[in-house]
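Readers should treat all values here as calculations from the given coordinates under stated rules, not as data from a laboratory. Keep in mind the model is a prediction, meaning the values are calculated, not measured. Note that we place each Cβ from the backbone using ideal geometry, even for glycine, and neighbour counts take in every protein chain shown.
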Amino acid sequence: MRGTMMDFPLTLTHVLERAGKLYGDSQIVTRLPDKSLHRHTYRDFYRRARSLAGALQGLGLQKGDRVATLMWNHYAHLEAYLAIPCAGCVLHTLNLRLHPDDIAYIANHARDRFLIVDDVLLPLLEKFKAQAKFERIFVVPLTGQPVPAGYDDYEKLLAGAQVFVPPVIGENDAAGMCYTSGTTGKPKGVVYTHRSIVLHSLATATVDCLGLSNRDTLCPIVPMFHVNAWGLPFTAAMTGATLAFPGPHLDAVSLLDLYESEKVTLSAGVPTIWMGLLQALQKEPRRWALQKEIRMVCGGAAAPESMIRAFDQFGMRVIHGWGMTETSPLGAVGFIKRELADLPADAQYVVRAKQGVPPPFVEVRTMAENGEAPWDGVSMGELQIRGPWVAASYHEQPDEQDKWTADGWFRTGDIAMMDAHGYIKIADRLKDLVKSGGEWISSVDLENALVAHPAVAEAAVIGVPHPKWDERPLAVVVLKPGQSATADAMRAFLAPQFAKFWLPDDVKFVDAIPKTSTGKMLKATLREQYQNLFTTQASAP
């Protein structure tokens, strides 16, 4: 017996129409560059997004043409998120934190035709505009100032738009693209389809995932210029969730003020952002009246258990997630499964500090040299993943196809363990594991333990060449303002938690740890800086 079902394509056109017709009264709030709040509704968003889509059609863009954005998180960027794919084009978000030469390379490699840019980012654009090949540049006047000569006005573009006629779009047509922000090599383009984004949005709305619903007020701190703000703006439009965009103001006080004024219930960002918020709350614990049980999605790097515990004291629940540009990015989300709900509190924190379990339709495995590693919570292997929103190749980079196995799994480059309940624990990036005397040492575990020290703000652990042991761990530590510590004190703090051979041979105290544009630690830079440290120490008289 075979069933027959209606052929209903999974496209973002449905998401846009749903947002406008069902959730017209839901609010969209944006903190503008002057710190004032811009307010409008999904009804306004729907009208303006359709105007943008019609304008792009009127300018002669064809199906599959790329339209780039160089924008902060705000109402106009949300319009571009839905309008560009619904016009049959491809939304390409440019990472404004990259070097101007890299932005130009990415725009040219993607063959972007048009660019939509914030007026406050025109100084950045001027640094690479001559290298890029944009046909038209539209400026969003966030400051209210006239658009400079030589550029097109975004608001005038919308005002003069032709009536939007939705084109025929297939669910496997390209809808968006983003380039990786890896720590080595040229950025690589990942193309997302309408189907992959819609399915990703459905998954993030489920209760055992992020549970984003119409009853939430979402503040996406994670930038809309990288991995579609983890897909959250699409899910918000699908569910009609209230949106509170931070604009360019990502300091802790501005964010907490926005949380309070807009009654935020769900937010998302990287650990560096959360650590800043935590320090502000600890400094002035009674300053902000926040909603109870704010959910804070943490990704991009491992969330230390100490940070998860500290936020619980303020009624703010950290939800650990894991993913990559290639996975759209949701690959796993941490929650306490029913069979673990009766565990003691300390044991539950151990579970919450893991990266979580894969969402529906996503499969993961850890592969060792002799095959798939057992789910015993100890055996390590490379984490591999497949699913309907996991990329199958990079955009026009066939030489990178070895990142996929012959049977279709994406090689993440993360070394992980799976426990009997299906929870993933990332031990390290493959290139960041420390191999000392034939034994593996996890830099992530050491880093998370170090930041639990009351004097430590940030910590990075790297492997440094050693004449006897091949490599030995070195800790690079940033102290909190006004704090002091010694290498011996750091080692003594770690000693009860780890085998003796895991303890760093040295600790270097620095003012800042170098990072990528998305907040990941640049360990390659640290390894280069300290590559001769132990060799020099060994040869010293």
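Plainly put, the range 420-541 has a radius of gyration that is 0.96 times its Kirkwood radius, both from alpha-carbon atoms, as the Rg/Rh ratio. When both the range 133-182 and the range 359-407 are represented by their alpha-carbon centers, they are found 35 Å apart.
Which of rounded, prolate, oblate describes the range 142-274, given a ≥ b ≥ c as roots of the alpha-carbon gyration tensor eigenvalues and a/c under 1.5 marking rounded, otherwise prolate only if a/b is larger than b/c?
Rounded, because the longest to shortest axis ratio a/c is under 1.5.
Couplings for the range 301-311, taken from phi via the Karplus curve 6.51 cos²θ - 1.76 cosθ + 1.60 with θ = phi - 60°, read 6, 5, 8, x, 4, 4, 5, 4, 4, 5, 5 Hz in order; Gly and Pro are left as x.
Cα axis of helix 271-283 to longest principal axis of the chain: angle in degrees, 0 to 90, nearest 10? Between the helix axis and the principal axis of the chain, the angle is about 80 degrees. Relative protection proxy for 527-535, 243-251, from highest mean packing down: 243-251, 527-535 (other beta-carbon atoms within 10 angstrom). Database remark: amide H of Phe245 closer than 5 angstrom to the amide H of Val29, Thr30, Arg31 (H placed geometrically; neighbours at sequence offset of 5 or more, or on other chains; Pro and chain starts carry no H). Taking each of Lys431/Lys480; Lys186/Lys354; Lys354/Lys431; Lys186/Lys515; Lys188/Lys520 in turn, the alpha-carbon distance tops 22 angstrom for Lys431/Lys480; Lys186/Lys354. Placing +1 on each Lys and Arg Cβ and -1 on each Asp and Glu Cβ, with no other charges, gives the range 287-421 a dipole about its Cα centre of roughly 840 debye. Averaging 1/r over each pair of different alpha-carbon atoms in the range 475-520 and inverting the result gives 12.1 Å, the Kirkwood hydrodynamic radius. Any idea which of Gly24, Pro9, Pro285 is furthest toward the positive side of the dipole for the chain, if Lys and Arg beta-carbons carry +1 and Asp and Glu beta-carbons -1? Looking along the dipole axis, the top candidate is Gly24. Residue order for Trp230, Trp469, fewest other beta carbons within 10 angstrom first, comes to Trp469, Trp230. Under 5 Å between amide hydrogens, built in the peptide plane, is the criterion, and for Ala68 it picks out His92, Arg113, Phe114, Leu115, Ile116 among residues at least 5 positions away or on other chains. Along the axis of the charge dipole computed for the range 149-194 (Cβ charges of +1 for Lys and Arg, -1 for Asp and Glu, origin at the Cα centre), the listed residues Val165, Thr193, Tyr154 are led at the positive end by Thr193. Going by neighbour counts of Cβ atoms within 10 Å, the residues Asp414, Asp152 line up, fewest first, as Asp152, Asp414.
Percent relative contact order of the chain, based on C-alpha pairs within less than 8 angstrom and at least six residues apart?
On the way: 1137 pairs, mean separation 56.1, N = 541.
Once divided by the residue count of the chain, the mean separation gives 10 percent.
Computed over the chain, the per-residue total of -39500 (n - 2.57) for DSSP H runs of n ≥ 4 gives a 222 nm mean residue ellipticity of -8000 deg cm²/dmol, rounded to 500. Put simply, the amide H of Arg429, placed in the peptide plane, has neighbours under 5 Å in Ile415, leaving out anything fewer than 5 places away on its chain.
Taken over the alpha carbons of the range 178-217 as equal point scatterers, the Debye sum produces base-10 log I(q)/I(0) values at 0.18, 0.26, 0.28, 0.34 Å⁻¹ of -0.68, -0.83, -0.87, -1.04.
Computed from the C-alpha gyration tensor, the three semi-axes of the ellipsoid equivalent to the range 9-203 are 24, 21, 16 Å, from longest to shortest. Among beta bridges identified by DSSP and lying wholly in the chain, the antiparallel ones come to about 55 percent. Across the range 49-59, coupling constants 3J(HN,Hα) worked out from phi with the 6.51/-1.76/1.60 Karplus curve, θ = phi - 60°, read 5, 5, 5, 5, 4, x, 5, 5, 4, x, 7 Hz, and Gly and Pro carry x. Distance from the C-alpha centroid of the range 288-333 to that of the range 69-94: 26 Å, rounded to the whole angstrom.
State, as an integer percentage, the relative contact order of the range 235-378 based on alpha-carbon contacts under 8 Å between residues 6 or more apart. Write down the numbers at each step before the final one.
On the way: 185 pairs, mean separation 22.9, N = 144.
16 percent.
Projected onto the charge dipole of the chain (+1 at Lys/Arg Cβ, -1 at Asp/Glu Cβ, origin at the Cα centre), which of Pro246, Gly64, Ile385 gives the Cα projection farthest towards the positive end? Value: Pro246.
Scaling against 2.2 N^0.38 Å puts the C-alpha radius of gyration of the chain at 0.99. Placing a pseudo-label 7 Å from each Cα along the Cα-to-Cβ vector at Asn108 and Gln348 gives an inter-label distance of 5.5 nm.
Hey, fewest Cβ within 10 Å first, where do Lys431, Lys515 land in order? It would help to have the intermediate numbers written out before the result.
Numbers: Lys431 13, Lys515 18.
Result, fewest neighbours first: Lys431, Lys515.
Magnitude of the charge dipole for the chain, about its Cα centre and with charges confined to Cβ atoms of Lys, Arg (+1) and Asp, Glu (-1), is about 800 debye.
If you place +1 on the Cβ of every Lys and Arg, -1 on the Cβ of every Asp and Glu, and leave all else neutral, what size is the dipole of the range 432-539 about its Cα centre, to the nearest 20 Debye?
Details: 11 positive and 12 negative charges, 13 e Å.
For the range 432-539, the charge dipole is close to 60 debye.
What percent do you get for the relative contact order of the range 9-203 when only Cα pairs under 8 Å and 6+ apart count? It would help to have the intermediate numbers written out before the result.
Working: 353 pairs, mean separation 46.1, N = 195.
Answer for the range 9-203 is 24 percent.
Computed from backbone phi with θ = phi - 60° and the Karplus coefficients 6.51, -1.76 and 1.60, the 3J(HN,Hα) list for the range 131-148 is 7, 7, 10, 5, 7, 9, 10, 10, 9, 8, x, 4, 7, x, 7, x, 6, x Hz; x is used for glycine and proline.
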